[in-house]
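Please treat every number below as a calculation from the coordinates, not as lab data. Keep in mind that what you see is a predicted model, and the values were worked out from it rather than measured. We place every Cβ from the backbone using ideal geometry, glycine too, and count neighbours over all the protein chains shown.
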């Protein structure tokens, strides 16, 4: 088969522009929510979504539950305050005014992109006054007769309120076994290891809810802050991506930035580029019902199957295929991989039909 010059021109016109467009890579679209929680940068719902530094710590499972994972366990995320860059988690093993139970504690990975907010109050419960390292001898007491807790002295009222809760008061624990832990970052290891601290449980909250003397209404949980980068600047490329209704993500061995668009495509710019080509998809079938691929003598109405549509070559003997139509076809071609393959199939069939007509 030896196609004529016009056929080669058409084929090259259709295929060549593919290499001139910005990078478009097919991928699974990133979710904008996980359950009832909106998902925005730097977080994501799976690989390739959000900031890669957070991907191993923040996940959205099949049940649409957003979770923080550390070396001490998995913790449900109850809320994210994007304005103040704070996320809130709960720990099912911690004690509250409604429930007292044993716990192993809580810890952050030392290299995790999170830190504790100043609002956190960690209270250790049922600690051994004789063997716990949070108690040490008072170096200012000559006879060394008393133990001084390495705790916040101003936290005594908090211990009193917690120990007055029915769930905790039933244990008949002396108030001296309670300690509002001083290191707000849980020490150099960022960990509250209750086994080493010789305490049976802990409680944590980040707000009194305006009712300091009513522990039933305290907001129990842990608040963690995060930063976008060392300067804490919101990336401009990500801001532009989100303005175009996209989700910020990454791709490749160097975690290069991509904008994930609603149709599942990634682009290195914004979704405005993808949308400009997708806008013509609604007229794709109609286009091929009125635009032919040059002169096809003696050929009637011919259908070419694709997985999604039936493309029609017009029933005519003289159909013009001008520059405007070529531009429209190319715009449609590069908007979707399935359409691209189907269109190339049409071009091949056209060339085959043209060759058959020459032989007749």
Worksheet item: Fully extended, how many nm does the chain gain between residue 69 and residue 219 (0.36 nm per residue separation, minus their Cα-Cα distance)?
Response: 51.9 nm
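Gain in length, residue 170 to residue 195, computed as 0.36 nm per residue apart minus the alpha-carbon separation, to one decimal in nm?
Result for the pair: 6.7 nm of gain on full extension.
When only Cα pairs under 8 Å and 6 or more residues apart are kept, what is the percent relative contact order across segment 34-226? Walk me through the intermediate numbers first.
Working: 374 pairs, mean separation 49.0, N = 193.
Taking the mean separation of contacting Cα pairs over the length of segment 34-226, I get 25 percent.
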Fill in: Spacing of the two label points (7 Å from each Cα toward its C-beta) at residue 236 and residue 118, in nm
3.3
Item to complete: Run the quick spin-label model on residue 101 and residue 209: label points 7 Å from Cα toward the beta carbon, then report their separation in nm to one decimal.
Response: 1.9
Discussion item. Give me the tail of P(r) for segment 34-226 as a percent: Cα-Cα pairs with distance above 21 Å.
Written reply: 53
Fill in: Residue order, fewest to most surrounding Cβ atoms within 10 angstrom, among 242, 191
242, 191
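Can you tell me the length gained on complete extension of the stretch residue 229 to residue 31, counting 0.36 nm per residue apart and subtracting the Cα distance? Walk me through the intermediate numbers first.
Working: separation 198, 0.36 × 198 = 71.28 nm, distance 2.28 nm.
So the chain would gain 69.0 nm between residue 229 and residue 31.
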Item to complete: Just grab the label-to-label distance for residue 110 and residue 256, each label 7 Å out from Cα along the Cβ direction, in nm (one decimal).
Response: 3.5
